Protein chains: 4
Amino acid sequence: MITFACPDRTGIVARIAGFLAESGGWIVEASYHTDPDTGWFFTRQVVRANSLAFDVEELRSRFAEVAASLSSESTWKVDDTDERRRVVILVSKEGHCLYDLLGRVAAGELDVDVRAVIGNHASLGDITRAHGIPFHHVPFPADGKAEAFAHVAKLVDEHEPHAVVLARFMQVLPAELCEAWAGRALNIHHSFLPSFIGAKPYHQAHKRGVKLVGATCHYVTADLDAGPIVEQDVIRVDHGDSVVDMVRKGRDIEKVTLARGLRWHLESRVLVHGNKTVVF
Amino acid sequence: MITFACPDRTGIVARIAGFLAESGGWIVEASYHTDPDTGWFFTRQVVRANSLAFDVEELRSRFAEVAASLSSESTWKVDDTDERRRVVILVSKEGHCLYDLLGRVAAGELDVDVRAVIGNHASLGDITRAHGIPFHHVPFPADGKAEAFAHVAKLVDEHEPHAVVLARFMQVLPAELCEAWAGRALNIHHSFLPSFIGAKPYHQAHKRGVKLVGATCHYVTADLDAGPIVEQDVIRVDHGDSVVDMVRKGRDIEKVTLARGLRWHLESRVLVHGNKTVVF
Amino acid sequence: MITFACPDRTGIVARIAGFLAESGGWIVEASYHTDPDTGWFFTRQVVRANSLAFDVEELRSRFAEVAASLSSESTWKVDDTDERRRVVILVSKEGHCLYDLLGRVAAGELDVDVRAVIGNHASLGDITRAHGIPFHHVPFPADGKAEAFAHVAKLVDEHEPHAVVLARFMQVLPAELCEAWAGRALNIHHSFLPSFIGAKPYHQAHKRGVKLVGATCHYVTADLDAGPIVEQDVIRVDHGDSVVDMVRKGRDIEKVTLARGLRWHLESRVLVHGNKTVVF
Amino acid sequence: MITFACPDRTGIVARIAGFLAESGGWIVEASYHTDPDTGWFFTRQVVRANSLAFDVEELRSRFAEVAASLSSESTWKVDDTDERRRVVILVSKEGHCLYDLLGRVAAGELDVDVRAVIGNHASLGDITRAHGIPFHHVPFPADGKAEAFAHVAKLVDEHEPHAVVLARFMQVLPAELCEAWAGRALNIHHSFLPSFIGAKPYHQAHKRGVKLVGATCHYVTADLDAGPIVEQDVIRVDHGDSVVDMVRKGRDIEKVTLARGLRWHLESRVLVHGNKTVVF
């Protein structure tokens, strides 16, 4: 699979499609987008693996020339879709997103390799292990957060994960981890951003008397809850819903929003440009 | 129809229902809500008019005693559902909400008496008059806004309207009009509040890269876009949507959100308490 | 909690509310509905348990008189909200609804007592037992379905469950079990009924080229997929979605639709009248 | 703009994109879809008009060769996006869809040329004429439907419309008109098809006790309400909604579903294949 972005000009599609056709590549799925504001062009091409006369490494090397010939500013990636995606999940106490992801994996719906779950509380260990997945408990004492994050980073990085999922992980990532995991760390925030940034968004929503609550899956950046948005959804609430009801209803949205965002990320459907995403 | 609110205690429903039963009142629709946060009780009772042995004035006078006996803090209203609701609509240049409301009235779906449409531009005059409704053009010169608002207020107040609808009226109401029309002035804001308060919300939404845009119908208060929310809705957008596309998609949400909020308001379904609404 | 239905007349609310007020009952939540088509009245009253001077048995006995005095046709139920709800779940191979329900129970969001899970395949046994819940494998050989159902019935009935949940259980219940579990057996059908009744609804939906797929939670009756509907929801699909994609997207709707329907059923929010439901 | 479909093979995109690149064509928007079930490939290419060295006629003639070289089964169309789209609207008595379309045209949101509105009742004449659009009243007596349809056909065909919109036109088109307007006649059906085909769908929906009602915009074929679906949407209803309420709520969905379907059709986003649509 190829994802590619560069400043728009004529002939990009012809060049890429021509290259693939010459190589015998059978395009299974292709998406294109031109952003009139930035003048950038984006594409994602899924090629049937066995239709090419060469392997992924060779594709990568040959496509590098195509990309360079189109623009010196181009950014691109060639992914081997046969390589199973590795995921590490960070959690605290709230288990609904974790249960949901593990259920999807167990049901065969999300075909990924969850290498580890790391919790700053121990409470979600049993269910994780029942799914045959290692669980690491890393406590976060108030005076030892830096060490705790160093420990987490070590546990995460050894798996070279395609995605680090903050599944209601209630600790704010330090800037260096945001940097190290840029474009790979996905968070689920329990509000319709940019409304209700930060702590206790359902309380904020209840106080404001909104008629819908939402959830936002976004890439983590050093700027809290302000990273590129991958997916959002909402659910209706009314005057009869207490904060507890909102929390419960909102969870159903958090779960699906995170699961959709994660799937799209792992399928290389999400291209980040500036603080926005193209989701093919 | 009776709407009633007071601090909660036992026996309120029995008292009100008992009063209505003694009077022969046939309850067509009844709603109750107790807010555990404020400890307040709210109800709305629709009584078949001809089931009572007396008229609305007498009902009002008798219910006053019931209300007083339940709580000295109680707030209540007895509406004559046979009285046609009077509405005045304020507009600027953007006509989609006006077209929608006029279409609903013409189709017989919204059975209200639109007494007048007032615009700070003249462009929506023809369509208004084609519907047989008076249109008043009140220009808003930069150095004459106070006079313009005084003129608008005069045109509005002579109809004693049950609702003053700001159907994408792009002028900020002065505090004294917010006060005078408190609980009767409905605005449609073209964002999912509290996101994107103020000017150009679709531009703000586009810049932030949100995946849904929304609309909010709320009562106008002196605090800009911060009044009690009556109704909200959202519509999906994606990376392919320019600001112009967002504006177009958002309009479909603005129209229905305003129409729903207005209907509920005119049916006395909306009870305001603090900065929140109960919508029965 | 009291649920009550009878042909409408004046004074019902006054009688019930009066009875509760005399008994010191603090009404936490009250809903009323009059169906103009059938002329029936429905209500649900949640009373704070410790506000009454007597226990549930006594409430039941006293309310029986109230109900009888209002109508000889009345149907009613007094539930003890302190009694934990017992649930038995029937499954086949597809685990997404089971995973979801178990996750909700484990997360404390659905506070019910899942007494047993029964599967006509063994594959969901491990995850069930990991949640500390007994799993029974009852094979359904083509020539032994009657015996298998007799076995299932025995395993179910010993728990006297408030709900028997068919969580994508792919066997059609025999008429006598539909009868025995009437008003307690909830099924999730993977289409927006009445579209696509019977087998392989996603295949049917794909063939018809619909733009939304749905799910329906309904009470099981002897008439296949035709029982009273409790809840429905839909999700958008497009031309790019294969049957497999529709199945995957539909699952997210099946899960929440079943979970909502089950919650409402267990909270006695669902009153069945004829082939329709009132959901308070 | 080019729309093109043919059995899938390698090199199609390269051939089309290469042709456009050689011609200097600047692709503003491009969409591709391969249907694994039928093995067909579909594409839509929006080319900036002034980027080509030749006019639309020449593009059409040159593209014919490209299309022929790719497949003898290919179907394609080259549209001049500078040509304003012509629309004729058929109505009966219910005006909500007509009001909505006229409002969109008046607001500049739907930039089309409504050449005429034809009604089998006269009641929507005034509003149509207020928008400066000719209205033709063609009565449909029970014993003169054939003649009436002949008259309608004559009034429609003289405009060579890009779309014939049945905006709640309550007469069933005869087979020969379905044939003559194949792929151009859009109907809005007031249910979520395939549920509730035929007359009085809201009554059917109310009787079945569904929890959502819907609307379907589809191409008209000789098989009643069974043509290719362009767009669908739904809105929530509950036990409190009478048939009249369902009708009112459903209208909001009918309007937007028809308006979206019409827009997509006029922008050549809808490619029909068999009884299904690809909507780019």
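Some points to look at:
- Take each residue in B:94-101, count the other chain C-beta atoms within 10 Å of its C-beta, and the mean is 5.
- Once the Cα-Cα distance is subtracted from the 0.36 nm per residue extended length, the C:ASP238 to C:SER69 segment shows a gain of 55.2 nm.
- Peptide D:227-236 has a mean shielding of 3, counted as Cβ atoms of other protein chains within 10 Å of each residue's Cβ.
- Cα centre as origin, Lys/Arg/Asp/Glu Cβ charges: the protein assembly as shown dipole, Debye: 0 debye
- Put simply, the amide H of D:GLY11, placed in the peptide plane, has neighbours under 5 Å in A:ILE27, leaving out anything fewer than 5 places away on its chain.
- Proximity of backbone amide H atoms, modeled 1.01 Å from N, is registered between A:LEU90 and A:ILE118, A:VAL165, A:LEU166, A:ALA167 at under 5 Å, excluding neighbours fewer than 5 places apart on the same chain.
- Distances between copies at C:ALA175, taken between label points 7 Å from Cα along the C-beta direction, are 4.2, 7.5, 7.6 nm in increasing order.
- Euclidean distance of C-alpha centroids, segment A:111-181 and segment B:226-255, integer Å: 37 Å
- Look at the alpha carbon pairs under 8 Å that are at least 6 residues apart: their mean separation over the length of segment A:85-279 gives a relative contact order of 19 percent.
- Copies compared at D:ALA142 - label distances in nm, ascending, label defined 7 Å from Cα in the Cβ direction: 5.5, 6.9, 8.6
- For the protein assembly as shown, the ratio of Cα radius of gyration to the globular rule of thumb 2.2 N^0.38 Å stands at 0.97.
- Note, ³J(HN,Hα) from phi for segment B:144-155, Karplus 6.51, -1.76, 1.60, rounded to Hz, x at Gly and Pro: x, 5, 4, 5, 4, 5, 4, 5, 4, 4, 4, 5
- Averaged over residues, the count of other Cβ atoms within 10 Å places the peptides B:243-252, D:10-19, A:250-259 in the sequence A:250-259, D:10-19, B:243-252, highest first.
- Within-12-Å neighbourhood charge of C:ILE253 [Cβ basis; K, R +1; D, E -1]: 0
- Residue order, fewest to most surrounding Cβ atoms within 10 angstrom, among C:HIS131, A:HIS265: C:HIS131, A:HIS265
- Counting only alpha carbon atoms, the long axis of helix B:56-70 and the longest principal axis of chain B meet at about 80°.
- Counted over chain B, the DSSP beta bridges are approximately 65% antiparallel.
- Of C:LYS211/C:LYS255; A:LYS276/C:LYS207; B:LYS77/D:LYS93; C:LYS249/D:LYS249; A:LYS249/B:LYS207, pairs whose Cα-Cα distance is over 31 Å: A:LYS276/C:LYS207; B:LYS77/D:LYS93
- Debye equation applied to the C-alpha atoms of segment B:2-78, log10 I(q)/I(0) at 0.12, 0.21, 0.26 Å⁻¹: -0.30, -0.92, -1.37
- Spatially proximal aspartates and glutamates relative to A:LYS154 (Cα-Cα < 16 Å; intrachain offsets below 8 disregarded): A:GLU176, A:GLU179
- Taking N as its residue count, the alpha carbon Rg of segment D:201-240 over 2.2 N^0.38 Å: 1.36
- Cα coordinate range in segment D:104-154, projected on the principal axes (Å, largest first): 41, 19, 13
- The packing ranking, built from the mean of other Cβ atoms within 10 Å per residue, places the peptides A:100-107, A:74-81 in the order A:100-107, A:74-81, highest first.
- Inter-chain Cβ neighbour average for residues D:161-167, partner chain, 10 Å: 0
- Cα centroid separation, segment D:36-61 to segment D:94-110 (Å): 31 Å
- Largest-first principal axis extents of the Cα set of segment B:63-115 (Å): 49, 24, 15
- Residue-count net charge about A:PRO7 - beta-carbon cut-off 12 Å; Lys, Arg +1, Asp, Glu -1: -2
- Neighbour net charge for D:ALA53 - beta-carbon separation under 14 angstrom, K R +1, D E -1: -2
- The share of C-alpha pairs in segment A:85-279 whose separation exceeds 20 Å stands at 54 percent.
Each value in this text was obtained by applying a stated rule to the coordinates, not by laboratory testing. Keep in mind that this is a model prediction, so the values were computed, not measured. All Cβ positions, even for glycine, are placed from backbone atoms using ideal geometry, and neighbour counts span all protein chains on display.
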